[in-house]
Amino acid sequence: MARQFLDFRRHAPSAAFIAVAALVAAGFASIFVYLGIYNIGADAPHSSPVYWAVEQLRDRSIASRSRNIEVPTDLNNPKRIAVGAGLYTEMCSGCHLGPGLEKSEISQGLYPKAPELAVNQAHSPAQQFWMIKHGVKLSAMPAWGVTHNDTLIWDMVAFIRTLPKLTPAQYQAAIASAPEDHDAMMNAMPEMKGMSMGSALANSVEPAGK
């Protein structure tokens, strides 16, 4: 056993060799980035290995950061679902669609494609809350927590959880029964009363020079 260990040490690369190899690899990576070799266009899909790596990075990051989020016990509350329906149709349906909705120009041009939430829901309620609140880099998914409080975000999650069970007619009925407009929904929140979506966004942006 000791002889095998010594043989391994003798044939293992030296620290100097590892350092030089790392510098060479970093040099090639820098050249690759500087020359713009990788096509960043949304109409040029990632290779399978790159897509797999990005997907794993995204999913593990979301899972790690949403692990301790406490899910409300009233996600089945009809009022919560109704508010979520109104928010969803204004903020989400253009990319994530809904039962009976045709693909929009935005949804067709996105890469990676936004999941159709009436068909595919691969994340838990806590993970959906985290994604809606914080957004996802390089995916066109915005951080709605900048302009919406946690209560409204949970309302969206509540409605999203119902999407796979809805027929097109039920979906249309759900959005028809929502509060009349986006500002009305935001005004229902005490800390957002009198604040439209536009003014909430303006207030969230720190003035230049600060």
If Glu90 satisfies every condition in (1) at pLDDT 95 or above; (2) in a helix (DSSP H, G or I) but one, which is the exception? (1)
Picked from segment 56-102 (must be of a type in the set (D, E, K, R) and open to solvent by less than 60 Å² (accessible area, probe 1.4 Å)), the residue farthest from Trp130 (Cα to Cα) is Arg80
If the requirement is being modelled with pLDDT under 95 and either out of contact with any helix residue (DSSP H, G or I) (no Cβ under 8 Å at 6 or more places or on another chain) or open to solvent by 40 Å² or more (accessible area, probe 1.4 Å) (or both), which of these qualifies: Lys137, Lys133? Lys137
Over segment 99-134, the set of residues in contact (Cβ under 8 Å) with a residue 40 or more places away in the chain and not in a loop (DSSP other than H, G, I, E, B) is Gly109, Pro125, Ala126, Gln127, Phe129, Trp130, Met131, His134
Which ones in segment 140-160 are crowded, with 18+ Cβ neighbours inside 10 Å and either polar (S, T, N, Q) or part of a helix (DSSP H, G or I) (or both)? Trp144, Thr147, Leu152, Ile153, Trp154, Asp155, Met156, Val157, Ala158, Phe159, Ile160
Listed by first then second residue, the pairs whose first member lies in segment 1-29 and is modelled with pLDDT of 60 or more, whose partner is among the aromatic types (Phe, Trp, Tyr) and open to solvent by 60 Å² or more (accessible area, probe 1.4 Å), with beta carbons under 9 Å and at least 6 positions apart or on separate chains, are none
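The values are calculated or read from the model by the stated rules, or taken from the named source; none is laboratory data. Just so it is clear, the model here is predicted, and its values are computed rather than measured. Glycine also receives a Cβ, built like all others from the backbone with ideal geometry; neighbour counts cover every protein chain displayed. These accessible areas exclude ligands, DNA and RNA; they are computed on the full protein's heavy atoms, side chains included. Shrake-Rupley method; radii C 1.70, N 1.55, O 1.52, S 1.80 Å.
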